[in-house]
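Derivation of every value follows stated rules applied to the coordinates shown; laboratory data play no part. For clarity, every value in this text was computed on a predicted model and none was experimentally measured. For neighbour counting, all protein chains shown are included, and Cβ atoms are generated from backbone atoms with ideal geometry for every residue, glycine included.
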Amino acid sequence: MKLKLDHKSIVPLHIQAEELLRELIKKAEYQNGKLLPNEVELSEQLKISRNTLRQAINKLVYEGLLIRKKRLGTRVATNKVISGANNWFSFSQEMKILGIAVHNFELHVSASRPSKEAQSFFKIPDTKKVLKMERLRGKEDLPFVYFISEFNPSIPFNGSENFNRPLYEILEADHGVFVKTSREEINADGASEFIAAKLEIDPGDPILVRKRYVSDINKMPVEYNIGYYRADSFTYSISCEK
């Protein structure tokens, strides 16, 4: 397919490139997962600089229409994972409801000093160690969230639990802890080098940060969790009624 821009137009080239890409990704061949032409080839074909082209691509990445993966290229995004605030679930429950098979890429468990947030939530001294679990999770071919969970030290975890099981199933079946409420904080941020490497994006790329403060049926603080989500793969939905 021959692609070209109008270099005599008053419309900026990056805007023209953006609109051209919007039309291109509607085509069936790209909807089926085909990679877009690489930036060098595309910029040469359009007779624009790579910076101009990247400006257009970044706009579509921010909108969640394209996914850029390091060393692999850029392709059209599949449907995003959408989570809502009307009811809250564990990550495994959310994915099951959406019909998405969860893939665990990494799992790390350690006894660590608490973060300031966990220390305040659990009302414990900073010298008191907590069980800390870090997990990289997502779809089979795309890690899209990195979780860090810290647990109230009053829960008798020993670190040998099978954390491939759903977390809240472990709490209920093994420790008699029934979670009930979750207070959440959500903000947008740029990925740090560490998070970018985990999520296979570039440092500074947009991510969604979701913090959860989970309590049980007796209002005992159970878990402080922070999740770093790829912005091109996750949407948080809120519905309100008057």
For region 131-222, convex hull of alpha carbons as volume per residue, Å³
110 Å³
All other residues with a Cβ under 14 Å from the Cβ of GLU134 taken together, and with Lys, Arg as +1 and Asp, Glu as -1, what is their net charge?
+1
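When only Cα pairs under 8 Å and 6 or more residues apart are kept, what is the percent relative contact order across region 13-76?
The value is 41 percent.
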For region 1-52, the dipole about the Cα centre with charges only on Cβ (Lys and Arg +1, Asp and Glu -1), to the nearest 20 debye, works out at 100 debye
In which sequence would PHE147, PHE122 go, from the one with the fewest C-beta neighbours within 10 Å to the one with the most?
PHE147, PHE122
Region 174-238: relative contact order as a whole-number percent, Cα under 8 Å and 6+ apart:
32 percent
Cβ density ranking, 10 Å radius, fewest first, applied to ILE217, ILE48, ILE207 yields ILE217, ILE48, ILE207
Of LYS27/LYS70; LYS69/LYS198; LYS26/LYS69; LYS59/LYS198; LYS116/LYS219; LYS4/LYS47, which ones are farther than 18 Å apart at the Cα?
LYS27/LYS70; LYS26/LYS69; LYS59/LYS198; LYS116/LYS219
Among PHE194, PHE151, PHE121, which comes first, then next, by fewest other beta-carbon atoms within 10 Å?
PHE194, PHE121, PHE151
